[in-house]
């Protein structure tokens, strides 16, 4: 056993030891803002919340020799990092207080404390997290009405207006997220995913953050014994922060949804708009809007649902443009074909833009870095541009396509799979982008919310993920000379069309071993981008990008209070000869970075490998108190861009208590 390995174990034990003992009993409750979880509250004042301690240790065996901006202080990347908390806004302590006055006026506030261990004294103080909320409800014979104003709430309206996309809920369970709540039993997270295909999440999952005024109404009687309801907002989403960073500029969003529900169907009208003034006199501005109708009904047990309408975009540089948006779902139950099917058709015009919706913007460059501090730092809400090679279920504008999904059981084996193909409606640029599904979390922790880091400035990090941009070349090397590809015109515009394919293959299996449940999960994603139509992902080098990810999770119930978990993951990204190739030294000043060898470019395109092997344990310490330990080995490298070689290990210690 190496000295570095022993040293890491000692540091890890030292990190967690001061927090390993406690004596109070806590009531099991998934944290939600302003929800009561304390018995016999004093009068009408209620308190709830959670404490989440996250210890993090990482050791690099190999890392590129570049100094980059980062969350941690000092020269970076360091061989070993020990941290309490991460670079994300994930509070260590959250306290929610709510109350009710005699006049039926309710109020609430959320207090947070970040990690007090990073040397910043201000973090030791309680501060507002979601802000102070005032809300009131009124129940009448006409209907029930609610008004909320003040702090942030988690909101969704419709997929094309205000929504955070969840995809088809096919993901790995090994890594825990801050929004993963505590369950009643330690194995519920895995048993629920096996039985239902989903796990419980708190209010943040699938919703966008909104601050302002919300007015809702429900239980109103409509025509033909239908029920009317509505919801409306006026304020700011996470992409409207002009007043926060630049006083005096208008920057707001507004939306309304009116829904009419019948016994077996529902119909709704939606409107959502966002306006941003980019200077103090409102001369420079940008605005986008969505007008849509929703439907959901059944005929002979066949379900039809979806949304359609119009989207607009306008700025001081671009005249107002209008484009169609269509999202149609057709669900066939298993009684017709033996297994259920879900067919989806989508068409979102390039003129339809909305960075608060479930579809991605690929046409308006001004909306890519949607949250940028004017003084010049990197964006905190960063999204890819060009042609994103997305997982199945994640849509983008300027794109039309179809997808087919199904899920069925074969004994104790649950099979969930799907495939889809899409194509762009207009030729706008020659760029692509793809995310690292397997290694993205590890790579994002190298430099939080940063763009252009890595030895070739190829990584761009967002919340718990990383993407890379890929450019199609106008010329390539052939026999030591440059030859035109014929894909790019003299102005840099594409001479080709973009087509995409996505596929998922998910297996879930449960078996009894030594009278204990053993859960096995296997998830495969394979996505491609090419310049020709294909109904299924392309398996040869004619595709510009081929992205393959395979993740295996194993959970074994040792006892009612303890689970063992394991993970093995593989990632492969292969780009063909028409994409970026290695043709320059990433270390032009070798002596400055301590790199002494002469770099020899390969003149080849990306050929990336990612590997992760991990193990962990979930322990229920008491009702509402859990301990989660994880340790992983990772290796990410590129055979053709040889300076990309990141190898090491990560350990996390999470203690989470609900109260």
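Here are the numbers for this structure:
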quantity	calculated
Lone unmet requirement of (1) at pLDDT 95 or above; (2) under 20 Å from residue 344 (Cα atoms) for residue 272	(2)
Any chance residue 348 is within 24 Å of the chain's Cα centre (by Cα) and either at pLDDT below 90 or surrounded by 16 or more Cβ atoms within 10 Å (Cβ to Cβ) (or both)	yes
Candidates 607, 563, 645, filtered to the one that is at pLDDT 95 or above and either surrounded by fewer than 16 Cβ atoms within 10 Å (Cβ to Cβ) or farther than 23 Å from residue 189 by Cα (or both)	607
Among residues of the range 425-456, those that are over 16 Å from the mean Cα position of the chain (by Cα) and under 19 Å from residue 639 (Cβ atoms), counted	3
Some residue of the range 332-343 being surrounded by 14 or more Cβ atoms within 10 Å (Cβ to Cβ) and over 23 Å from residue 392 (Cβ atoms)	no
Complete set of residues in the range 406-440 that are closer than 19 Å to residue 507 by Cβ, surrounded by fewer than 21 Cβ atoms within 10 Å (Cβ to Cβ) and in contact (Cβ under 8 Å) with a residue 40 or more places away in the chain	406, 407, 408, 412, 413, 414, 415, 416, 417, 419
Residue that is within 30 Å of residue 483 (Cα to Cα), modelled with pLDDT of 95 or more and in a loop (DSSP other than H, G, I, E, B), where the choices are 601, 537	537
Residue under evaluation residue 472, criteria (1) over 21 Å from the mean Cα position of the chain (by Cα); (2) surrounded by fewer than 19 Cβ atoms within 10 Å (Cβ to Cβ); (3) touching a residue at least 60 places away in the same chain (Cβ under 8 Å), criterion not met	(2)
Criterion: over 30 Å from residue 486 (Cα atoms), at pLDDT 95 or above and crowded, with 17+ Cβ neighbours inside 10 Å - qualifying residue of 624, 616	616
Selection within the range 365-385 - buried (at least 20 other Cβ atoms within 10 Å of the Cβ) and either at pLDDT 80 or above or in a loop (DSSP other than H, G, I, E, B) (or both)	384, 385
Subset of the range 493-523 (residues that are within 21 Å of the chain's Cα centre (by Cα), closer than 30 Å to residue 560 by Cα and either buried (at least 16 other Cβ atoms within 10 Å of the Cβ) or modelled with pLDDT under 95 (or both))	506, 521, 523
Looking only at the range 72-85, and only at residues there that are modelled with pLDDT under 75 and surrounded by fewer than 18 Cβ atoms within 10 Å (Cβ to Cβ), the one that is nearest to the chain's Cα centre (by Cα)	72
Selected residue (criterion: farthest from residue 659 (Cα to Cα)) from residues of the range 181-193 that are modelled with pLDDT of 85 or more and surrounded by 19 or more Cβ atoms within 10 Å (Cβ to Cβ)	193
Any chance residue 422 is in contact with a strand residue (DSSP E or B) (Cβ under 7 Å, 6 or more places away or on another chain) and farther than 27 Å from residue 353 by Cα	no
Test result for residue 265, modelled with pLDDT of 90 or more and more than 19 Å from residue 325 (Cα to Cα)	yes
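The values are calculated or read from the model by the stated rules, or taken from the named source; none is laboratory data. These numbers were taken from a predicted model, which means no experiment stands behind them. For neighbour counting, all protein chains shown are included, and Cβ atoms are generated from backbone atoms with ideal geometry for every residue, glycine included.
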